[in-house]
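To keep things clear, I will list the structure first and then write my remarks on it.
The values are calculated or read from the model by the stated rules, or taken from the named source; none is laboratory data. Worth saying up front: this structure is predicted, and the values here are computed from it rather than measured. Counting neighbours? That spans all protein chains shown, and the Cβs are built from the backbone with ideal geometry, glycine included. The protein model used for the area step is the full one, side chains on, heavy atoms only, and it has no ligands, DNA or RNA in it. Shrake-Rupley method; radii C 1.70, N 1.55, O 1.52, S 1.80 Å.
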Amino acid sequence: MTTFRATTRAAIYVLFTLGQTYPRCQAFSPASPLATASIRSNANRLAIQSASNMMQRTHLTSRLNMMDPCQILTDASNFFSSVGTDNILSFSDQGQNLAGIFFQASLLPYLAFLYFLSFRGNRIPEIGNFGFQFLLLFVLSTIPSGIITKGTYGVSLADCDWLHGGAEALLTITNILIVFGFRRAMSASNETNIENWKLKVAAICSAVAFAGALAVGPGLGFGAHSAFLLGLGNLPSGFVESLPWVAHSEPVNALSIPTWAIHFSSVFEWIFAMNIIWNFSENSGNEKWKGLTWGMLPLHASGIAACTYHFFYNPSSLQFLVSTQAGLTLLGNITCAIAAYRIAVSNGWTLSELNPLPASKTSPKGIIVENNAAMPLQLTEQTESDAALAAKLAALTFGAAYIVKYGELCLDVPFEQNAFAAVAIVAGIPAITAFNFYNKSQLERGEGGGISFPSFGQGGGKNTLSMADVKKYGVSGTVAYVLTELAFWAVAFPVASNALYQSTGHWPDVISDATDRATVLGFIFAGANVARLLVPVRLGAALALAPWVDENIINRCGGNSSKEENA
């Protein structure tokens, strides 16, 4: 709680001083022509430097501890006077538009979420709780990042790859802390304060390292479009242009592989966290935790909106994606706050907790809360090791990064700035995630039994389909699975051929042209790897097809039915 209070005081101080917040996610709107013109002048840069020097002399630490409102307003007035109106416009373009309003409004419900989530009766894992609190440092980091990108480079943060990826890395650390904290608490009770402090120090050091990069990066020659981590993993441009499916050249503001990897890592980790928190309801014996998973869904959609904006190379014509992202962030923070409130109330929270005076040690309500807090969690054995989960995350992260970065170059859609396609992506992916958890809830209640999508974060969950379920149908199940796989490959070839036609203008000649043959096989291979994510869907299709196979193929051919074979 000490870390939370200190970080909260810092957040409030910065918001009062700068008069705005920047997005919790990845996208920022482009600067207006007036702002771009003003920020490039040397006079404005000197004014910003002067304001920075003035603020450094105000002894921030003591003010955070005292939180004197009069002093805060005085500092804010001096800051704005020294910077000047033109410079304020240069980095406040998010402050007055719809996205900026949404992002600013989202801070208060998130602070409420942290307050209710930290209630002692909830028994939330320490590192998991710290992960949610660490998100505030990510939010704060976007403020100086945005100022530097506008004041030094004249671009938005989304178009400045090295600052964009560095800031986003803090969000990735947030999600890793959440996933690791809950997983460890669910499977082992031997947490030590030393281990927890090591993780906290490592996370804070990463934030300090990014702050150092902000201070020295421009002086070291990093430009507006310098790649994050020096573009580690990027394919040479000449090699990319020689790829047979490439029909377009990347714009200068295209995300690097490290930045794409950071984005996809954050998305997958958030899905992991949603699933783990869902399962945490069993460990805590409190079904209200499942409500937090649903509350996290709009934030998942917010991250997808940001990735979609980057997929289209951050065009001004799709600026509505930034407003959508901001609105989903506000909605998600509100739903998470409501979910955390329901959890806290179910564990004994009352309005009396707001009383700053010490509570009575003999209060019946206080005794109930303390008893709830002291109850140990019900431990479960993890069927997937941390190393296996990390390997799965790495495969998904880098696979998605390479497929999106270089695969979209064969498509016209990212360069046409198609709003309908953007809306379909933003709505479709979260809808699949939502269906996954809806299906899980139905199966747990003994209702339904539809298709279950991949269960991220736990591995081998009891509701995840496997080949063993198909084998229960005997020969019928095996034949049904073979038919579904043949159907996939039968569809894969026409789709790959059409993709080649759309990118090159001619149909593939797989018999005499080795290049076309290799290209088509490459498309099919890429599609097969993406289809691995939908293995439960294919297994579900095989299970649905098995009764028909048993009745119309196996029995008519004189074979034993699946029921007889199993008997």
So is Gly121 closer than 18 Å to Leu171 by Cβ, assigned to a helix (DSSP H, G or I) and touching a Phe, Trp or Tyr at 6+ places or on another chain (Cβ under 7 Å) or not? no
What about Glu287, is it without any contact (Cβ under 8 Å) to a residue 24 or more places away in the chain and assigned to a loop (DSSP other than H, G, I, E, B)? yes
Does Val179 satisfy being surrounded by fewer than 24 Cβ atoms within 10 Å (Cβ to Cβ) and either in contact with a helix residue (DSSP H, G or I) (Cβ under 7 Å, 6 or more places away or on another chain) or of a type in the set (Ser, Thr, Tyr) (or both)? no
Can you tell me which condition Val369 does not meet? The list is (1) open to solvent by 20 Å² or more (accessible area, probe 1.4 Å); (2) modelled with pLDDT under 90, and all the others hold. (1)
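Residues checked against (1) of a type in the set (D, E, K, R); (2) modelled with pLDDT under 80; (3) surrounded by 18 or more Cβ atoms within 10 Å (Cβ to Cβ):
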| residue | (1), (2), (3) |
| --- | --- |
| Gln442 | no, no, no |
| Glu447 | yes, yes, no |
| Pro454 | no, yes, yes |
| Gly459 | no, yes, no |
| Ser466 | no, yes, no |
| Lys472 | yes, yes, no |
| Trp489 | no, yes, no |
Residues of region 207-242 being surrounded by fewer than 10 Cβ atoms within 10 Å (Cβ to Cβ) and in a loop (DSSP other than H, G, I, E, B), which ones? Gly221, Pro236
Which one of these is touching a His at 6+ places or on another chain (Cβ under 7 Å), open to solvent by 60 Å² or more (accessible area, probe 1.4 Å) and of a type outside the set (Gly, Ala, Ser): Phe415, Phe398? Phe415
Could you tell me whether any residue of region 302-318 is open to solvent by less than 30 Å² (accessible area, probe 1.4 Å) and over 30 Å from Gly223 (Cβ atoms)? no
Of the residues Pro251, Pro258, Pro244, Pro236, which single one is more than 30 Å from Ala301 (Cβ to Cβ) and touching a residue at least 24 places away in the same chain (Cβ under 8 Å)? Pro244
